[in-house]
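J.: Got a structure for you, questions after.
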Amino acid sequence: MSEPQRHLVVMVKAPRLGAVKTRLARDIGTVAAWRFYRRTVAQTLRRLGDDPRWTLWVQITPDHGGTFPPAWLTGRRVLLQGSGDLGQRMMKPFFELPPGLVVLIGSDIPGVRRRHIWRAFRLLGKKPIVFAPAEDGGFWLVGQRRAPKTYGLFKGPVCWSSGQALEDSLKGLEERCVGFADTLNDVDDGAAYRAWKKRYPT
């Protein structure tokens, strides 16, 4: 019996000055936040994009995201985030992609490595749903097996960009259905940025 296909989706916002990492920009400045985001997205796509164990998709917003440097999308499979709140946009790949396991991550997790993604896919062999917590109480990864069914996540109110985003997202899900992958740190404010700089000095 052949293994299911694995799809890795990276959600990316077109890196326009002043339009990305706005919370971080309030602490470190608009240009510094923009440079951080551009660098992190490029590194994430390069680091995770050529692994034969999965197919990488870039889910972009806005839908006319032609402002990306062409090299970032050359040879990439592209999805559109479309309209709706963050939860609705995250759910789109689970319903639209070809059959197989789907893991979706954000593009502002500078510490993510291939081993973290692989562990999440491995967890989907045991649980139909997987989350990977962020250190601030949110989450940086969500995945689904999608067989025999695709779960409709984020149906209730979720306080995004808060310390209760993961807790809100888990409401209504049976505990036995959910596995938890590695905890990593997303960089949303000045404190997280300084911690990242200390951990990964350039």
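J.: If I filter the range 48-56 for residues that are at pLDDT 95 or above and in a helix (DSSP H, G or I), do I get at least one hit?
T.: Yes; the residues of the range 48-56 include at least one that is at pLDDT 95 or above and in a helix (DSSP H, G or I).
J.: Given G138, G143, G106, which one is surrounded by 17 or more Cβ atoms within 10 Å (Cβ to Cβ), at pLDDT below 95 and touching a helix residue (DSSP H, G or I) at 6+ places or on another chain (Cβ under 6 Å)?
T.: The unique qualifying residue is G138.
J.: Still on this structure: Being out of contact with any strand residue (DSSP E or B) (no Cβ under 6 Å at 6 or more places or on another chain) and modelled with pLDDT of 95 or more is true for just one of R199, R119, R194. Which residue is that? Step through it out loud before you land on a result.
T.: Details: R199 fails: modelled with pLDDT of 95 or more; R194 fails: modelled with pLDDT of 95 or more.
Testing whether each residue is out of contact with any strand residue (DSSP E or B) (no Cβ under 6 Å at 6 or more places or on another chain) and modelled with pLDDT of 95 or more leaves just R119.
J.: Right, another one. Consider A120 carefully, then state whether it is surrounded by 19 or more Cβ atoms within 10 Å (Cβ to Cβ), of a type in the set (A, V, I, L, M) and part of a helix (DSSP H, G or I). Walk me through how you get there before you give the answer.
T.: Numbers: surrounded by 19 or more Cβ atoms within 10 Å (Cβ to Cβ): yes; of a type in the set (A, V, I, L, M): yes; part of a helix (DSSP H, G or I): yes.
Considered against the rule, which asks whether it is surrounded by 19 or more Cβ atoms within 10 Å (Cβ to Cβ), of a type in the set (A, V, I, L, M) and part of a helix (DSSP H, G or I), A120 comes out as yes.
J.: When the residues of the range 17-51 are narrowed to those that are surrounded by fewer than 13 Cβ atoms within 10 Å (Cβ to Cβ) and under 19 Å from the mean Cα position of the chain (by Cα), which ends up farthest from Y193 (Cα to Cα)?
T.: The qualifying residue farthest from Y193 (Cα to Cα) is D50.
J.: In this structure, does I109 turn out to be in a helix (DSSP H, G or I) and either under 13 Å from the mean Cα position of the chain (by Cα) or of a type in the set (S, T, N, Q) (or both)? Before the answer, list the steps.
T.: Values: in a helix (DSSP H, G or I): no; either under 13 Å from the mean Cα position of the chain (by Cα) or of a type in the set (S, T, N, Q) (or both): yes.
Against the criterion (in a helix (DSSP H, G or I) and either under 13 Å from the mean Cα position of the chain (by Cα) or of a type in the set (S, T, N, Q) (or both)), I109 does not qualify.
J.: Taking P93 and the conditions (1) under 21 Å from F36 (Cβ atoms); (2) in contact (Cβ under 8 Å) with a residue 12 or more places away in the chain, which numbered condition does it fall short on, given that it satisfies the others?
T.: Failing condition for P93: (1).
J.: Specify the residue that is surrounded by the most Cβ atoms within 10 Å (Cβ to Cβ); the eligible residues are those in the range 123-135 that are of a type in the set (A, V, I, L, M) and either in contact with a Cys (Cβ under 8 Å, 6 or more places away or on another chain) or part of a loop (DSSP other than H, G, I, E, B) (or both).
T.: Within the range 123-135, the first condition is being of a type in the set (A, V, I, L, M), and the residues that meet it are 123-124, 129-130, 132, 134.
Then drop every residue that is not either in contact with a Cys (Cβ under 8 Å, 6 or more places away or on another chain) or part of a loop (DSSP other than H, G, I, E, B) (or both), which leaves 124, 129.
Working: L124: 23, I129: 21.
Among them, the one singled out is L124.
J.: Continuing with this model, one more query. So which residues in the range 80-99 are surrounded by 17 or more Cβ atoms within 10 Å (Cβ to Cβ) and not in a helix (DSSP H, G or I), if there are any at all?
T.: Of the range 80-99, the ones surrounded by 17 or more Cβ atoms within 10 Å (Cβ to Cβ) are 81, 87, 89-94, 97.
Matches in the range 80-99: Q81, L97.
The values are calculated or read from the model by the stated rules, or taken from the named source; none is laboratory data. Just so you know, these numbers come straight off a predicted model, no measurement behind them. No Cβ is skipped: glycine too gets one built from the backbone with ideal geometry, and neighbour counts run over all protein chains shown.
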